[in-house]
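Colleague: Mind having a look at this structure? Questions to follow.
The values are calculated or read from the model by the stated rules, or taken from the named source; none is laboratory data. This one's a predicted model, so the numbers in the text were calculated from it and none came from an experiment. Methodologically, a virtual Cβ is constructed for each residue, glycine included, from the backbone with ideal geometry; neighbour enumeration extends over all protein chains shown.
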Amino acid sequence: MQQLRISVQDDPIWAERIAGCTRIGPTRSSLHLAVFVEPYLSLLLAGTKSIESRFSQNPVAPFQLILPGDLVLLKRAGAEIAAIAQVANVKYLKRNDKSWKDLRPTYQKQLCATDDDFWNRVSGAWFASLIWFDHVRRLPAIECEKQDRRGWVVLKQATEQMALEWQ
């Protein structure tokens, strides 16, 4: 977290966003870590990819755990955190939703997923999270010692509850 705070200290808006979701006590925004394989991270950073998607067989993060205003650290698979983004909008879909059949024709260009390989890989999914970002900022490489295989981790969940201080 300290490396993250230092990397945005020159930008008061990003410094406040990060402080706002990492402080002790109630926060309005959650902080997430998303692992990306190439070319999807580069496409997102270049602005070519405008929607991030996560498909799963079970309702796991980020499904119903990410909201507009949340912050997402963007990490290269097997490497460092490369950027941070703020969530603008989210759409959750279940396979039995009427809109599931329209996923590919509606979103494939924005997802940069026009080939059959992508859709074959996610064909067994029952849940989908579509995430739009409104602000993306590249960061100097921040080391992250994540060892497990999860592609999405909620680092700090937003809460309206006040923290109790023990004396």
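Colleague: State all residues of the stretch 1-20 that are within 18 Å of the chain's Cα centre (by Cα) and under 13 Å from I84 (Cα atoms); if no residue qualifies, say none.
Modeller: Residues satisfying the conditions are M1, L4, W14, R17, I18.
Colleague: Which condition number in (1) within 22 Å of A158 (Cβ to Cβ); (2) of a type in the set (G, A, S); (3) touching a strand residue (DSSP E or B) at 6+ places or on another chain (Cβ under 7 Å) is the one that S99 fails?
Modeller: (1)
Colleague: Based on this model, can you work out whether W132 counts as more than 14 Å from V35 (Cβ to Cβ), within 15 Å of the chain's Cα centre (by Cα) and modelled with pLDDT of 95 or more?
Modeller: Yes: the conditions hold for W132.
Colleague: Another question, then. Does Q147 satisfy being at pLDDT below 95 and of a type outside the set (S, T, Y)?
Modeller: yes
Table: residues versus (1) modelled with pLDDT of 95 or more; (2) surrounded by 13 or more Cβ atoms within 10 Å (Cβ to Cβ); (3) touching a His at 6+ places or on another chain (Cβ under 7 Å).
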residue: C21; (1), (2), (3): no, yes, no
residue: G25; (1), (2), (3): no, no, no
residue: A34; (1), (2), (3): yes, yes, no
residue: Y40; (1), (2), (3): yes, yes, no
residue: A61; (1), (2), (3): yes, yes, no
residue: V72; (1), (2), (3): yes, yes, yes
residue: K101; (1), (2), (3): no, no, no
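Colleague: When you look at S56, is it modelled with pLDDT under 95, surrounded by 12 or more Cβ atoms within 10 Å (Cβ to Cβ) and closer than 30 Å to N96 by Cα, yes or no?
Modeller: In short, no.
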